[in-house]
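**Q** Just passing along the structure, written as structure tokens.
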Amino acid sequence: MNKIADNLKKLQDNIAAACARCSRDLSEITTVVVTKSANIDMIKEVVRLGCTELGENRVQHLKITAEDLDLFISQNAADPSIPKYINWHMIGHLQRNKVRQLLKNCQFIHSVDTLRVAEEISRDSEKLSLTPKVLMQVNCSQEPQKYGVPVGAAIHLAEQIVTMPNLQLVGLMTMAPLTLNKDIVKESFERARELFEEIKGEKIAGPEFRHLSMGMSQDYEIAIEFGATILRIGSAIFSG
Ligand SMILES: *Cc1c(COP(=O)(O)O)cnc(C)c1O
């Protein structure tokens, strides 16, 4: 378990160094700890270390883990070092029939990439009287097999999402291609940043639109350089 504490410390040091290199304030960056490769004891360990933002890409796993952690938090209510809440981030592809179950446990949905999914979230949120924060997932890598709305269709989808009263459009999410070629990674982060600035500049969304979710274990330092505000990190914390 010491390994997780060491990994987390190293990660935080690297994030601070990357911020310093591009003169960004560390407080602009939120790290979502991606739990898909971790077991429940490892997840409790990161919570014990103070992490409150957790991410999952499967609805069922998110639900089970969220319930386990609710219990863990209430059992440790007297321990000041254990956080009092967890914010869950859904980062994986979302099937419409799983939306309602997800909404009960999840505060941020990063993977809204079609009008149909947005409409489903909107309908179920209304029924449950919830106002989830959503990010629009954009395919900035131009790989045809990836999820995410194509860059050329993104503004139009954003305009549609902001008409849905129960959804708060708080930003964009993107994934760089899995490659060691940094120029290709930079190109896709640059494209995401341009689109992000365009949506902000044209005031398509309100002031709550301020998050750029990009950067994983392999490429988070580059993502910081290109303006990421949310990093999604799994293996750098849990493996090794
Ligand atoms: C798994 C996953 C991550 C984290 O990836 P690591 O390389 O383990 O840091 C981030 N975002 C999404 C969408 C993922 O599926």
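No value in this document is a laboratory result; all are computed from the given coordinates. Since this is a predicted model, take the numbers as computed values, not measurements. Here the Cβ positions follow ideal geometry from the backbone for every residue, glycine too, while neighbour counts run over all protein chains shown.
**Q** What ranking of TYR85, TYR220 emerges when the number of other C-beta atoms within 10 Å of each C-beta is taken as an exposure proxy, fewest first?
**A** Ranking TYR85, TYR220 by Cβ neighbours within 10 Å, fewest first, gives TYR85, TYR220.
**Q** Could you calculate the FRET efficiency of ASN2 with ILE64 from 1/(1 + (r/R0)^6), where r is the beta carbon distance between them and R0 is 25 Å, rounded to 0.05?
**A** Calculated value: 0.45.
**Q** Between the range 176-213 and the range 28-101, what's the alpha-carbon centroid distance in Å?
**A** The range 176-213 and the range 28-101 have Cα centres spaced 26 Å from each other.
**Q** Then there's this: Under a Cβ-only charge scheme (Lys and Arg +1, Asp and Glu -1), can you give me the dipole magnitude of the chain about the Cα centre, in debye to the nearest 20?
**A** Magnitude of the dipole: close to 420 debye.
**Q** Step through the residues of the range 76-90 one at a time and calculate ³J(HN,Hα) from phi using the Karplus curve (6.51 cos²θ - 1.76 cosθ + 1.60, θ = phi - 60°), rounding each to whole Hz and writing x for Gly and Pro.
**A** Karplus values, whole Hz, x for Gly and Pro: 10, 4, 7, 8, x, 7, 9, x, 8, 8, 10, 9, 9, 10, 7.
**Q** What ranking do ARG193, ARG96 get, fewest neighbouring Cβ atoms within 10 angstrom at the top?
**A** Ordered by Cβ neighbours within 10 Å, fewest first: ARG96, ARG193.
**Q** With θ taken as phi - 60° and the coefficients 6.51, -1.76 and 1.60, list the Karplus ³J(HN,Hα) couplings across the range 180-188 in order, rounded to whole Hz; mark glycine and proline as x.
**A** Whole-Hz 3J(HN,Hα) from phi for the range 180-188: 8, 7, 5, 5, 5, 4, 4, 4, 6.
**Q** Relative to the Cα centre, what is the charge dipole magnitude of the range 96-188, using +1 at the beta carbon of each Lys and Arg, -1 at the beta carbon of each Asp and Glu, and rounding to the nearest 20 debye?
**A** Dipole size: approximately 360 debye.
**Q** Could you identify which residue out of ASN139, ASN39, ASN181 has the top mean-square fluctuation in a GNM of the chain using Cα springs shorter than 10 Å?
**A** Fluctuation is largest for ASN181.
**Q** Further question: Using Cβ counts within 10 Å as a stand-in for footprinting exposure, how do CYS51, CYS22, CYS140 rank, fewest first?
**A** So the residues, fewest neighbours to most, are CYS22, CYS51, CYS140.
**Q** Next question, about the same structure. Quick one: among GLY55, GLY215, GLY152, which has the greatest mean-square fluctuation in a GNM of the chain with alpha-carbon springs under 10 angstrom?
**A** The residue that fluctuates most here is GLY152.
**Q** Next up: Evaluate E = 1/(1 + (r/R0)^6) for ILE40 and ILE82, where r is the Cβ-Cβ distance and R0 equals 25 Å; express this FRET efficiency to the nearest 0.05.
**A** 0.95
**Q** My understanding is that a pair violates if its Cα-Cα distance is over 22 Å; which of LYS44/LYS127; LYS133/LYS203; LYS9/LYS44 do that in this structure?
**A** LYS44/LYS127
**Q** Given a Förster distance of 41 Å, report the FRET efficiency between ASP25 and LEU180 from their Cβ-Cβ distance, rounded to the nearest 0.05.
**A** Efficiency for this residue pair is about 0.90.
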